[in-house]
Amino acid sequence: VDDTLADRAVAPLLPGLLRAHPDLRVELVVGQGAGVNLVADRFDVAVALGGEHRDSSQLMRRIGSVDNIICAAPRWLTSQQATLEALAQSRACLSTTATRREAAIAGLGLIRAPRIAVADELRDGRLREVLVEHTQRDVPIQTLQPGGRHRSPKATAFVEHLARELPALLAFSLNRRAA
């Protein structure tokens with residue numbers, strides 16, 4: 001699972017899931033997900049942000065969506081112009097949304113991130129949304145499960161819980177943070 005989804009979307013749902021399914025054990029592994037082989041790597045479920053997953057041996061389910069926005073610190077915007085070229089010319093190659101968010105807050109440039117990843121920072125003014133016309137809307141959040149005999153009933157319960165609870169959590173988080 002991506003770091004943003006882990007921290008802001010999946011982790012808050014785990015207590016309710018574990019209360020409802022006391023025999024369930026969850027091991028949350030955060031990573032980029034590219035090249036993960038669910039069966040070989042012994043994962044029951046992967047949660048992915050965006051992208052096309054065309055492995056026909058996997059069951060894919062859309063459980064929500066987010067908007068990817070572009071933002072920067074107000075102090076960076078006083079001396080720089082927000083352009084797609086500036087976004088492409090990042091001064092640092094940072095692999096997690098959290099580190100990119102912190103770099104942007106520190107005034108190191110523009111970032112593209114899921115709105116939920118920067119909602120608090122937008123609300124309190126540490127970041128400002130820019131280039132709104134280039135927002136990537138409705139980026140899917142998907143679960144992937146191995147198909148066939150590798151499919152676990154406990155993993156299916158996890159996916160069902162996420163599908164039921166995630167949209168409300170995303171809406172609440174964004175509305176609360178916008179208030």
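Among R137, R123, which is the only one that is open to solvent by 70 Å² or more (accessible area, probe 1.4 Å), touching an Asp or Glu at 6+ places or on another chain (Cβ under 7 Å) and either of a type in the set (V, I, T) or at pLDDT 90 or above (or both)?
R137
For the stretch 109-130, which positions are of a type in the set (D, E, K, R) and under 17 Å from L169 (Cα atoms)?
R115, D120
What number of residues in the stretch 87-116 are at pLDDT below 90, closer than 17 Å to G50 by Cα and open to solvent by less than 50 Å² (accessible area, probe 1.4 Å)?
The total comes to 3.
I'm trying to understand the selection: among the residues of the stretch 90-126, which are small (G, A, S) and assigned to a loop (DSSP other than H, G, I, E, B)?
S90, A92, S95, A106, G107, G109, G125
The values are calculated or read from the model by the stated rules, or taken from the named source; none is laboratory data. Just so you know, these numbers come straight off a predicted model, no measurement behind them. Ideal geometry is used to build each Cβ from the backbone, glycine not excepted, and the neighbour counts take in all protein chains shown. Heavy atoms of the whole protein, side chains included, go into the accessibility calculation; ligands, DNA and RNA do not. Shrake-Rupley method; radii C 1.70, N 1.55, O 1.52, S 1.80 Å.
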